[in-house]
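I have placed the structure first, in the form of structure tokens, so that the comments after it can refer back to it.
Only the coordinates and a few stated rules stand behind these numbers; no lab work does. Because the structure is a prediction, the values reported are computed rather than measured. Backbone-built Cβ (ideal geometry, glycine too); neighbour counts: all protein chains shown.
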Amino acid sequence: MQHLQAAGLRLLERNYRTPGRGGGEIDLIMRAPDGTLVFVEVRQRRSSAHGGAAASVGAVKRSRLVFAARHYLMRLRTPPPCRFDVVTVEGEAPGTVQWLKAAFDAG
């Protein structure tokens, strides 16, 4: 998260969950300096043996993130522009951090 804050993003929510079973969770919800709402999935893997951290954000995970984001946006009077980012951490601590901006679309 410090990496994102250093880039100017401001934390709004951490571990946002939708109510009920089968919903979704968003690791971080942040606001970019331009007003964009950024939904961030953080993935960590010790090795890239199975495709690495980025590969672990598959179709099911993406759909749950989109579901949770839509739930969050329903609370707002006027939804701002949004995007989905993925932050990956590969290897042992502290690991290699990679920030994938606009990693996928809601559609």
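So for HIS3, HIS71, fewest C-beta neighbours within 10 Å to most, what's the order? Show your work: numbers first, answer last.
Numbers: HIS3 12, HIS71 16.
With the sparsest Cβ surroundings first, the list reads HIS3, HIS71.
Remind me, relative contact order of segment 2-104 in percent, using alpha carbon pairs under 8 angstrom and six or more residues apart?
On the way: 176 pairs, mean separation 25.9, N = 103.
Worked out over segment 2-104, it gives 25 percent.
Considering the chain as a Gaussian network with a 10 Å cut-off on Cα pairs, which listed residue, ARG83, ARG21, ARG70, attains the greatest mean-square fluctuation?
Per the Cα network of the chain with a 10 Å cutoff, ARG21 tops the list.
Hey, could you grab the Kirkwood Rh for segment 2-104? Inverse mean 1/r over distinct alpha carbon pairs, Å, one decimal.
It is 14.2 Å.
Note the angle between two axes, namely the Cα long axis of helix 59-73 and the longest principal axis of the Cα atoms of the chain, as a number of degrees from 0 to 90, rounded to the nearest 10.
Between helix and principal axis, roughly 30 degrees.
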